[in-house]
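Trainee: Mind looking over this structure? Questions follow.
Every read-out reported here was derived from the displayed coordinates using simple, explicitly stated rules and does not represent laboratory data. Treat the numbers as computed from the prediction; the structure is a model and nothing was measured. Here the Cβ positions follow ideal geometry from the backbone for every residue, glycine too, while neighbour counts run over all protein chains shown.
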Amino acid sequence: MFIPKQEKKTTKRCAHNIDLFYQFFIESNDARVNAIVSFFGDMNGKKVLDVGCGAGRFPRVLKNRFKKINLYGLDIAEKKLRYCPRGIRIVCGSMRHICYPDNYFDSVYCVEALEYVRTIEEPIKEMVRVLKPLGKIIIIDKNRDAPAHVRKLLKADPWGRWFRPKGIMGLLEKCGIRAFSKILPYDKRSIFHNLFIAWEGVKVASWKQGKN
Ligand SMILES: C[S@@+](CC[C@H](N)C(=O)[O-])C[C@H]1O[C@@H](n2cnc3c(N)ncnc32)[C@H](O)[C@@H]1O
């Protein structure tokens, strides 16, 4: 694509702004938000961990909706964490070694972050480890079987990985999660239509560290 020299800066700035917009804000009725809220239910008084929380766009919405939520955010990028909303406990670290004890959280979620980790077994094990028995987990990430035009449009991150339902489902089950997956539909005209899969599950009560 040819971009005249004088427009290059603007194009770059626009791309940056769009990127920033997506990193900071999310509609409170976005399908990803709805999936988390409808699966976890009332989060007031609950300890909830956002794995790979970035600049905190999901915590921002959840904190707004559930005033008494005990929300924690973990991300490897310290710079992004600075933009997280007040009132959530943030920690800089890797999801491959989550710095919380076993059976600590009522619910754990991870949105569009697993795709950037080289091996997904460790992070999934870690997310399950810190989850209480009968606690709920939801992972939302990109659908490898999304329509071709959607995949083409969003092929911006060559390092990111897109998943098929079975892969993550198998890993969750191996770690002691009763899981199911669903495609998140949007309006058919939206570029997000069928772009995301949500894997939702409950940690079985008999889970023991080391056995799974
Ligand atoms: C596309 S952003 C998504 C952020 C947030 N979940 C959201 O939807 O707004 C991916 C995030 O994953 C984080 N990330 C990547 N690898 C990670 C790791 N190993 N441990 C923790 N966070 C990681 C990145 O720093 C980035 O903030």
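Trainee: If you count the DSSP beta bridges with both ends in region 20-169, what percent of them are antiparallel, to the nearest 5?
Mentor: Counting only bridges with both partners in region 20-169, antiparallel ones make up about 0 percent.
Trainee: Taking the Cα centre of region 5-203 as origin, work out the dipole magnitude from +1 charges on Lys and Arg Cβ and -1 charges on Asp and Glu Cβ, in debye rounded to 20.
Mentor: 460 debye
Trainee: Listing 126, 78 from the residue with the fewest other Cβ atoms within 10 Å to the one with the most, what is the order?
Mentor: 78, 126
Trainee: In what sequence do 161, 178 fall when counting other Cβ within 10 Å, fewest first?
Mentor: The most exposed by this proxy come first: 178, 161.
Trainee: Longer than 18 Å from Cα to Cα, which of 125/208; 46/174; 46/132; 142/174; 46/80 are they? Say none if no pair is.
Mentor: From 125/208; 46/174; 46/132; 142/174; 46/80, over 18 Å: 46/174; 142/174; 46/80.
Trainee: Regarding region 5-203, what is the average projected area of its C-alpha convex hull, in nm²?
Mentor: Averaging across all directions leaves 11.5 nm² for the Cα convex hull.
Trainee: Would you mind counting up the charge near residue 132? Only other residues with Cβ under 14 Å from its Cβ, with Lys and Arg at +1 and Asp and Glu at -1.
Mentor: In short, +4.
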